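Written out below as structure tokens is the structure these notes cover.
The values are calculated or read from the model by the stated rules, or taken from the named source; none is laboratory data. Predicted model only: the values in this text are computed from it and were never measured. In this analysis, Cβ positions are derived from the backbone assuming ideal geometry, glycine residues included, and neighbour counts consider all displayed protein chains.
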Amino acid sequence: MKAETVISLIILIVAIAPVIIIGIVQYRSKEPVGFWSGEEPPKKEQITDMKAYNQKHGLMWILFGMGFVLCFICGLLLGELAAGYLCIMETIGGIAAMILYHKKLNRMYFKKENDI
């Protein structure tokens, strides 16, 4: 294995481990989780199924992190340029998808006004 590959792998682990850890913590959380930094997480009373809400948010973060691992593997197989393009698409597309999915989860799991 080339030194560049080892250094890239170390950088990947350092950069992506926190994202995957966030996902695991959210997946296992006993309290409702938030998405944005600064966004107040919902209260338990506001969520219809807190466990499913948290698990889906956690899986979202885990999959986002694993996408970068997949980019790294593709880089090994297809070359650095392909990995670079994939990482750009993962970053922009992944964040956009996460925002949309977070909004969908809020629509799915937040109690309606007349349910409270």
Taking segment 36-49 and the residues there that are assigned to a helix (DSSP H, G or I) and in contact (Cβ under 8 Å) with a residue 40 or more places away in the chain, the one that is nearest to the chain's Cα centre (by Cα) would be Q46
Would you confirm whether any residue within segment 10-18 is within 22 Å of I73 (Cβ to Cβ), in contact with a helix residue (DSSP H, G or I) (Cβ under 7 Å, 6 or more places away or on another chain), assigned to a helix (DSSP H, G or I) and in contact (Cβ under 8 Å) with a residue 60 or more places away in the chain? yes
Which numbered condition V33 fails, given (1) free of Cβ contacts under 8 Å to residues at least 24 places away in the same chain; (2) surrounded by 19 or more Cβ atoms within 10 Å (Cβ to Cβ); (3) within 19 Å of M108 (Cα to Cα): (1)
Is it the case that G23 is surrounded by 14 or more Cβ atoms within 10 Å (Cβ to Cβ), among the small types (G, A, S), touching a His at 6+ places or on another chain (Cβ under 9 Å) and at pLDDT 95 or above? yes
Test: Y53 is under 30 Å from F110 (Cβ atoms) and among the aromatic types (F, W, Y): yes
Answer yes if at least one residue in segment 80-87 is out of contact with any strand residue (DSSP E or B) (no Cβ under 9 Å at 6 or more places or on another chain), modelled with pLDDT under 90, over 18 Å from P32 (Cβ atoms) and among the acidic types (D, E), and no otherwise. yes
Scanning segment 88-112 for residues that are exposed (fewer than 15 other Cβ atoms within 10 Å of the Cβ), among the charged types (D, E, K, R) and in a helix (DSSP H, G or I) gives K103, K104, R107
